[in-house]
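K.L.:
One structure follows; several queries about it will come next.
Readers should treat all values here as calculations from the given coordinates under stated rules, not as data from a laboratory. It should be emphasised that the depicted structure is a prediction, and the values quoted were computed from it without experimental measurement. When we count neighbours, we look across all protein chains shown, and the Cβ atoms used for this are built from the backbone with ideal geometry, even at glycine.
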Amino acid sequence: MTRRQVIHRVTKETDIQVLVDLDSLDPATIDTNLPLLSHFLTAMAKHGHTHWQVVGQGDIEVDPHHLVEDVGIAMGQALRAALGEMRGISRFGQRYLPMDDALVLCALDISGRGELYWSGPFPDRPINGINAEVWPEFFKAFAHHSGITIHLICQAGHNAHHVYEASFKALGQALNEAIQVGPDGDVPSTKGVL
């Protein structure tokens, strides 16, 4: 079974196309009109060893929030569809991710009950003019639309760029652990469904 999906999301504010292939070793291609978002997503894909193609345009002159959130929605929808029945997946993933002064924990459960739990001293400073408040919106949208429970906890960090980049990298690595397929082929739940 191919674990691959394409999603195209168009609104009055954004136009986003996402492809995810969970079993491809091809490098990611990320191209949005918000370079910092592209940088963070490229880090997530590279360190998560997952093939993402994301092309997105948004009205960032109004507010980057629209593009950041909608990319999270589209990526979450693509991932959920690519996982299919989720037979044999590990389901759980976790990663402590250090990046210089930053230390972030991402722990997740592909449970079907998407929610973001965000805690710790995340820096509330802009990076290159982009307010820090937009980044939790990506993770929240991704969690809700993928059906993944995500705990992101900032353990330490002063440099806002390091903390948020570490968050994307930690998500990529934890997700890669959770989507690995084992030999049994069962749905990883005592209920028999996720």
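K.L.:
Considering only DSSP states other than H, G, I, E and B, which chymotrypsin sites (Phe, Trp or Tyr not before Pro) in region 99-156 qualify as loop sites with at most 13 other Cβ atoms within 10 Å?
P.N.:
Answer in residue order: no site qualifies.
K.L.:
Now for a different question. Under unit Cβ charges (Lys, Arg +1; Asp, Glu -1), what dipole magnitude, rounded to 20 debye, does the chain have relative to its Cα centre?
P.N.:
Its charge dipole is roughly 560 debye.
K.L.:
A follow-up question, please. For region 1-82, which trypsin sites (Lys or Arg not before Pro) are both in a DSSP coil and crowded by at most 14 other Cβ atoms within 10 Å?
P.N.:
Working: sites: 3, 4, 9, 12, 46, 80; in loops: 3, 12.
When the trypsin sites (Lys or Arg not before Pro) of region 1-82 are filtered for loop state and at most 14 Cβ neighbours within 10 Å, 12 remain.
K.L.:
Placing +1 on the Cβ of each Lys and Arg and -1 on the Cβ of each Asp and Glu in region 4-178, which of 82, 54, 161 has its Cα farthest towards the positive end of the resulting dipole?
P.N.:
82
K.L.:
Once the Cβ-Cβ distance between residue 87 and residue 13 is put in as r, and R0 is 35 Å, what FRET efficiency do you end up with, to the nearest 0.05?
P.N.:
0.45
K.L.:
Extending each Cα 7 Å along its Cβ direction at residue 125 and residue 180, get the distance between those two points in nm, one decimal.
P.N.:
Spacing of the two 7 Å Cα→Cβ label points: 3.7 nm.
K.L.:
Given the DSSP H assignment, sum -39500 (n - 2.57) over each helix run of at least 4 residues in the chain and divide by its residue total; what's the result at 222 nm in deg cm²/dmol, nearest 500?
P.N.:
-11500 deg cm²/dmol
K.L.:
Just in region 43-117: which GluC sites (Glu not before Pro) are loop by DSSP and have at most 16 other Cβ atoms within 10 Å? List each step's numbers first, then the result.
P.N.:
Numbers: sites: 61, 69, 85, 115; in loops: 61, 85.
Hits after loop and neighbour filter: 61, 85.
K.L.:
Can you run the Rg to Rh ratio on region 4-178? Use alpha carbon positions and the Kirkwood inverse-distance Rh. Show your work: numbers first, answer last.
P.N.:
Working: Rg = 14.7 Å, Rh = 15.8 Å.
The Rg/Rh ratio comes out at 0.94.
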